[in-house]
Structures are given as C-alpha cells and as structure tokens.
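A.B. asks: One structure, as structure tokens, below. Some questions next.
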Amino acid sequence: MPDGAVRPGQPLPPPSGWLDPLAAVRTPDDPYCDVYLTGTVFLDIIFTGLDAAPVRGTESWARGMGSSPGGVANMATALARLGLRTSLAAAFGDDMYGDYCRDALELGEGIDLSMSHTVPGWHSPVTVSMAYEGERTMVSHGHEAPPKDPALEGGRECPPPARACVAALEPGEDQEWIARAAERGSRVFGDVGWDDTGRWDLASLAGLERCEAFLPNAEEAMRYTRTDCPRAAARRLADRVPLAVVTMGADGAYAVDARTGETAEVPAIEVAALDTTGAGDVFVAGFVMGTLAGWPLADRLACAGLTAALSVQEFGGSLSAPGWVEVAAWYQHVKSYHDQDPAALRRYGFLDTLLPGCARPWPLRRAVPTIGFRSS
C-alpha cells in the first residue's frame with residue numbers, strides 16, 4: 001500500500017479541500033466513508049481550442065491539451081474536492097497510465113482506493129476528447145477488466161458502509177452491489193448515460209427501484225418518459241423514484257420531490273464553456289453533497305449548478321471539478337459587483353454561512369497537467 005494511503009476500516013482523512021460540508025451532521029458512529037462508487041477509470045487526453053470538428057484527410061492543431069483520470073474518476077474527484085470522504089472501487093492497469101491515474105486519485109485527491117485492484121497485463125482504457133463549439137467528441141479504446149478475485153477483499157465488505165453511493169445505471173445490466181448498499185443503509189443516487197439500445201425503457205434500469213434520487217439530463221429524461229418537456233419528464237419520473245432531478249443545460253435544472261410534493265427550479269449561470277467534459281458528474285456530486293448535508297432542495301440545485309458551471313470553464317473532466325476555494329472566489333467576485341440581481345444573490349445566500357473569506361483573485365488559474373514531467 002503506498003505511503004499515505006488509507007487502510008481499510010480507518011476513517012478517511014479530510015480530502016484536499018479546506019472545508020467539511022458535513023461537519024455539522026457527523027457523529028462518532030458514522031461509516032468511514034461518505035460516498036462509495038465503482039466503475040471504469042480511463043486515462044483522458046483532452047484537446048481544446050479547436051475551431052471546428054476535425055476533417056477527414058487533414059491535420060488539426062489544438063491550442064490546448066491536458067491529461068487526467070477520467071470515466072468514474074470524474075465523479076470521484078468532484079465528490080472529494082467538495083469535501084466528501086470518497087471510496088472508489090475500480091480496476092487499474094499495471095502500465096504507466098494506470099500508475100498515473102492511481103497516484104492522481106489516491107495521493108492527489110485523497111480518494112480511498114482500498115477497494116480497487118491492479119490487473120497484471122491489462123492496459124488502461126484511454127479516451128481522447130476533442131472540445132469545440134461548446135461540445136465534445138470522444139474516441140475511446142479499452143477492454144473489459146477481468147472480475148476481481150474475491151480473495152483480494154480480505155474479508156472486507158464490498159460495497160463498504162457509506163452514507164451514500166452513486167450508481168451509474170445501465171440498461172439491462174444487473175448491478176447486485178446496489179441492492180446490498182441500500183440494504184446497509186446507503187442512500188443511492190442514480191446516474192445514467194445514453195441508451196445505445198434505443199429502447200429507453202425505465203424497466204431495464206436495474207437498481208432504479210433502490211434509488212433515492214435519479215438525475216438524468218433533459219434528453220435522457222424525455223426519452224425515458226416519452227414526454228416532450230423536461231419538467232413533465234421530471235414529474236413522470238417522480239412516480240418511480242422519491243426524488244427526480246433533470247438537468248437542462250443552459251436552462252438550469254428542475255427537481256420534483258415525490259415524498260413532499262415540493263418542486264424547485266434554478267436557472268443556469270451564464271458562462272463561456274471551454275469544455276463540458278464531466279459537467280454532469282460535477283452536478284451530481286454537488287447535489288449529493290447538499291443532500292447529505294441536509295440542505296433545502298433549491299439550495300442543492302443551486303450548488304450543483306454552480307459547481308457544474310465552474311467546471312466547464314476549465315478543460316478536462318476530473319481536472320475541472322471545483323473545490324471550495326473556487327466556489328468561494330466566485331462568490332466573492334459576484335458580490336463585488338453593485339449591479340448584481342438581488343434575487344440572484346439571494347439564490348446563493350446559503351454560501352454566506354458556509355464559506356470563510358477568500359482573498360484569492362478571480363479568475364483562478366489551475367496547473368496545466370501532463371504525463372511524464374520528471375521531478376527535479
């Protein structure tokens with residue numbers, strides 16, 4: 001186990017941020033992690049600054065490039081940077097890409113990888129992402145990792161006890177761990193992607209019945225519910241899950257709480273999007289954090305939308321996820337303008353009691369990542 005890694009069963013140390021959003025609700029009997037998730041970690045190579053899509057038979061030059069852990073690492077990093085003690089179960093290749101991703105997540109972000117494993121002879125999945133015109137095109141390559149040997153668990157529970165888990169629901173894929181997590185008291189947040197089968201059948205999403213919240217985007221929600229309006233889709237989804245949240249891109253997000261009948265809608269923050277990779281993961285992470293902290297529904301939507309908006313102004317998936325330093329700097333920046341809409345400022349007023357003062361200037365600059373720099 002690398003130096004500084006968390007040993008199974010020990011409380012996770014505070015993540016790389018400087019604020020614990022769950023401090024007011026923590027007790028000595030809490031599980032050792034806040035959020036558990038599992039999935040595939042990719043090495044993402046991101047090209048930005050393209051004026052248009054690449055054209056066959058030509059060479060395109062990008063003005064920016066970066067590398068970072070991707071796939072499920074986007075969500076794990078977003079959760080950790082918001083102060084949640086995060087445990088990730090994933091396979092890592094025993095190549096240099098796998099070493100880089102493992103070190104970036106475990107040592108760089110403070111994510112617990114004690115449930116993960118390295119697969120000898122298996123190379124890391126890779127995604128090349130090209131961002132242009134506010135959208136992205138991706139090319140991926142990889143092979144399915146062999147199942148983990150149960151003997152490697154060493155008697156540990158999998159999934160481990162956690163306040164919550166985030167499950168990527170796949171049509172027709174039965175993920176038994178979701179039921180086990182729910183039975184152990186974890187609150188399940190269901191994420192979903194594009195249905196390549198074209199059926200868009202909610203009944204095919206095994207584990208949906210275990211979810212406390214389901215968070216599709218507008219297109220996914222409308223296709224699953226056979227509606228032509230994201231808000232109508234959210235109301236239809238609330239017949240299947242206790243809490244339906246539909247993200248609507250530039251139009252914000254809308255949520256329906258089936259248990260109370262409450263609805264909430266928060267408009268999006270207008271930003272110049274550089275790269276939307278991972279924005280949906282950041283939104284889910286912000287919403288999970290606010291839910292575990294016990295915030296009102298509208299505040300959860302506002303925080304999730306804010307963190308997603310901050311993320312699209314940087315390139316990369318996991319690299320672009322904001323922490324509390326970025327949130328505090330943004331809030332100080334918008335409050336300094338006297339012509340701000342009072343209603344808009346009230347929408348984010350919950351940050352006044354959460355964030356300490358922040359003296360760092362806006363906009364913030366992040367380090368440009370790459371693989372292979374040698375330490376001097």
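A.B. asks: Go through D352, D339 for me and flag whichever is assigned to a helix (DSSP H, G or I), at pLDDT below 90 and either over 16 Å from the mean Cα position of the chain (by Cα) or buried (at least 17 other Cβ atoms within 10 Å of the Cβ) (or both).
C.D. replies: Exactly one of D352, D339 is assigned to a helix (DSSP H, G or I), at pLDDT below 90 and either over 16 Å from the mean Cα position of the chain (by Cα) or buried (at least 17 other Cβ atoms within 10 Å of the Cβ) (or both), namely D352.
A.B. asks: Looking at the stretch 109-140, which of the residues that are at pLDDT 90 or above and aliphatic (A, V, I, L, M) is surrounded by the fewest Cβ atoms within 10 Å (Cβ to Cβ)?
C.D. replies: Of everything passing the filter in the stretch 109-140, V139 is surrounded by the fewest Cβ atoms within 10 Å (Cβ to Cβ).
A.B. asks: Only one residue in D3, D30, D34 is modelled with pLDDT under 50 and either of a type outside the set (A, V, I, L, M, F, W, C) or touching a Ser or Thr at 6+ places or on another chain (Cβ under 8 Å) (or both). Which one?
C.D. replies: D3
A.B. asks: With the checklist (1) within 22 Å of A23 (Cβ to Cβ); (2) of a type in the set (G, A, S); (3) in contact with a helix residue (DSSP H, G or I) (Cβ under 8 Å, 6 or more places away or on another chain) in hand, flag the one item A268 doesn't pass.
C.D. replies: Every listed condition holds for A268 apart from (1).
A.B. asks: Then there's this: Could you check the stretch 172-222 and list, in sequence order, the residues that are under 19 Å from the mean Cα position of the chain (by Cα) and of a type in the set (S, T, Y)?
C.D. replies: S186 - this is the single residue of the stretch 172-222 that is under 19 Å from the mean Cα position of the chain (by Cα) and of a type in the set (S, T, Y).
A.B. asks: If we scan the stretch 147-168, do we find a residue that is under 22 Å from the mean Cα position of the chain (by Cα), surrounded by fewer than 20 Cβ atoms within 10 Å (Cβ to Cβ) and of a type in the set (V, I, T)?
C.D. replies: no
A.B. asks: Can you tell me which residues in the stretch 277-308 are of a type in the set (A, V, I, L, M), touching a helix residue (DSSP H, G or I) at 6+ places or on another chain (Cβ under 6 Å) and within 15 Å of A213 (Cα to Cα)?
C.D. replies: The answer is A285, A304.
A.B. asks: In this structure, is D341 closer than 30 Å to M138 by Cβ and acidic (D, E)?
C.D. replies: Spelling it out, it is not the case that D341 is closer than 30 Å to M138 by Cβ and acidic (D, E).
A.B. asks: Continuing with the same structure: Residue by residue through the stretch 245-299, note down the ones that are in a loop (DSSP other than H, G, I, E, B), touching a residue at least 24 places away in the same chain (Cβ under 8 Å) and either crowded, with 24+ Cβ neighbours inside 10 Å or polar (S, T, N, Q) (or both).
C.D. replies: Within the stretch 245-299, D275, T276, T277, G278 meet the criteria.
A.B. asks: Next question. How many residues does the stretch 270-285 hold that are at pLDDT below 90, closer than 26 Å to D341 by Cβ and within 20 Å of the chain's Cα centre (by Cα)?
C.D. replies: 5
A.B. asks: Continuing with this model, one more query. For the stretch 309-320, check the following and say yes or no: at least one residue is of a type outside the set (S, T, Y), more than 20 Å from R163 (Cβ to Cβ) and modelled with pLDDT of 95 or more.
C.D. replies: no
A.B. asks: Restricting to the stretch 22-49, count the residues that are at positive phi and either touching an Asp or Glu at 6+ places or on another chain (Cβ under 8 Å) or crowded, with 17+ Cβ neighbours inside 10 Å (or both).
C.D. replies: Counting residues in the stretch 22-49 that are at positive phi and either touching an Asp or Glu at 6+ places or on another chain (Cβ under 8 Å) or crowded, with 17+ Cβ neighbours inside 10 Å (or both) gives 1.
A.B. asks: Something else now. Among the residues of the stretch 186-230, which ones are in contact (Cβ under 8 Å) with a residue 40 or more places away in the chain, among the aliphatic types (A, V, I, L, M) and in contact with a Pro (Cβ under 9 Å, 6 or more places away or on another chain)?
C.D. replies: A213
The values are calculated or read from the model by the stated rules, or taken from the named source; none is laboratory data. Not measured: the values here are computed from a predicted model. Neighbour counts run over all protein chains shown; Cβ positions are idealised from the backbone, glycine included.
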